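Right, one structure below, let's go through it.
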Amino acid sequence: MAFEGVSYNLENEQQFWDELDEIVSTRCSDHERIDDALRSYLSFTTEFRAEYLSTEDDITKCSRRLIDGDLFANHTDYVRRQIVYCILQEDDNPTLHLVATFLLVDGSNHDATFEMMQAEGAFSRIVELVQRPEVEADMALHQLLLKLLYEMSRIQKLSWDDLVAVDDAFVLRLFQIIEGASYDVDDPYHYPVIRVLLVLNEQYMIASTSSVTISPPPRVTNRVIKALSTHGLSYKTFGENIILLLNRESELSLQLLILKLLFLIFQSSSTAEYFYTNDLHVLIDVILRNLLDLPYDEPRAESLRHTYLRVLHPLLANSQVSRPPHYKRTDILRLLHMLATSGTHFAPIDDTTLRLVKRCITVPWLQETSTPSRSNSYSDAEGGASAPVTPLSGSQENNAIGEGQRELARRMLGMSVKAGNESATSVIEVAAHTARPGIQTPSKVRDAQDA
């Protein structure tokens, strides 16, 4: 869009908002007049951005004024498409900031916006913009474009062309940004960058498990796993932060994104020992706690329980926790026993849970190490004594995170999948488990608090 040269003489902020309301309320009879109104909107807001749009909230307010105005209400599809074209063509940072904010605000309420962006090739364009030095230097714009990438990627399947636009350099740069920032997971860069890496991993999983009609079928390289395989030692902060996020995240879709990446990390021999051992202890504690907190009469909880168990098995079998001294062996066995025996008449234990629990129990270091004893009793490698497997009491549940949680508190203050039909099936099942954004993770504790 070429901007028209219009001169404004404003004396105060109220005049700015009054003039903006007049622009977004323009009645238009044809596309040419709509284009003129949109040019006026962009030129006006960019001209006075330094004076009246000093915060992200102010820029978001501008977008909401446009969405609520007659211009957008009467020509929604056309205006939306023109703004998508704008992000495809514009190179000016202030204009990109306004356009990206509009698309994020509009898309948060209408999936059609993100679907239109994907259909018009906006994904590869934003990937290209994010890598520009002048865009990365503008932290607010860079973060905004990363949010757009995440939001448009988590509600739809990306095309092969979209995935091809993501190269090794792009993924490695995201890891470098995380590593170069502070250890605070609330750092402005951490959350948007981590979420893009998580959603890219999910897209690679979906692509690798989807049937394709192209011959020969295109090869999918999971560049997130590839980066961790080849440069994992240089990017440990990312691993620490996804465990922190799993510990506190209540949105189901984001928990699933984290679990999907953890599943592939522990399934691959090149990444199974990516995490620090102390971080693995934290992760085990978080998994134990979250499994204990899932209700038995909630369908979403059942699927999430399956995903956690699918992550737990390769974590116990393939990471360094498989070597002595073994961490929380008794607690893990008690939890597995409870999961296999704690169903009710109205919510019996499903066959998949029983199968996944059995698979976890077959991990060698969880097996009996002495002569066979009575049923439901296991030799504890931590202390050498036989430990009867009984459900955790309430106090044990409250203390289930132990040493790992203390390590977590300290830090907060301070692909090739292994062969086998079972593993292949698990990859497909984990990749297929999705949830709509905004849905909360089922929780016994939260339900009790809300009662």
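The values are calculated or read from the model by the stated rules, or taken from the named source; none is laboratory data. Note that this is a predicted model, so its numbers are computed, not measured. All Cβ positions, even for glycine, are placed from backbone atoms using ideal geometry, and neighbour counts span all protein chains on display. Remember, those area values only see protein heavy atoms, side chains included, never the ligands or the DNA or RNA. Shrake-Rupley method; radii C 1.70, N 1.55, O 1.52, S 1.80 Å.
Only one residue of ILE83, ALA50, THR95 has its Cα farthest out toward the positive end of the dipole of region 50-103, where Lys and Arg carry +1 and Asp and Glu -1 on Cβ, and that residue is ILE83.
Annotation for THR209 and TYR78: the two label points, set 7 Å from Cα along the Cα-Cβ direction, are 4.4 nm apart.
Surface exposure of region 20-142, expressed per residue as accessible area with a 1.4 Å probe, stands at 42 Å². The label point for ARG436 and the one for LYS61, both projected 7 Å from the Cα toward the Cβ, are 3.2 nm apart. Close amide-amide hydrogen proximity is noted between GLU251 and THR441, each under 5 Å apart and 5 or more residues distant or on a separate chain (H modeled in the peptide plane; Pro and chain starts excluded). Kindly flag which residue pairs out of LYS147/LYS226; LYS157/LYS226; LYS61/LYS236; LYS61/LYS157; LYS226/LYS358 have an alpha-carbon separation exceeding 28 Å in this structure. Beyond 28 Å between Cα atoms: LYS61/LYS236; LYS61/LYS157; LYS226/LYS358. Spin-label model, ASP161 to ALA137: label points 7 Å out along the Cα-to-beta-carbon direction sit 3.2 nm apart. Overall shape: oblate for region 1-152, with the ratio a/c of the largest to smallest alpha carbon gyration tensor axis at 1.5 or above and b/c at least equal to a/b. Stretching the chain fully between ARG323 and HIS31 yields a gain of 98.3 nm (0.36 nm per residue, less the alpha carbon separation).
What shape does region 265-371 take by its C-alpha gyration tensor, where a ≥ b ≥ c are the square roots of the eigenvalues and a/c under 1.5 counts as rounded, a/b above b/c as prolate, and the rest as oblate?
Working: a/c = 2.01, a/b = 1.54, b/c = 1.31.
Judged from the Cα gyration tensor, region 265-371 comes out prolate (a/c at least 1.5, a/b above b/c).
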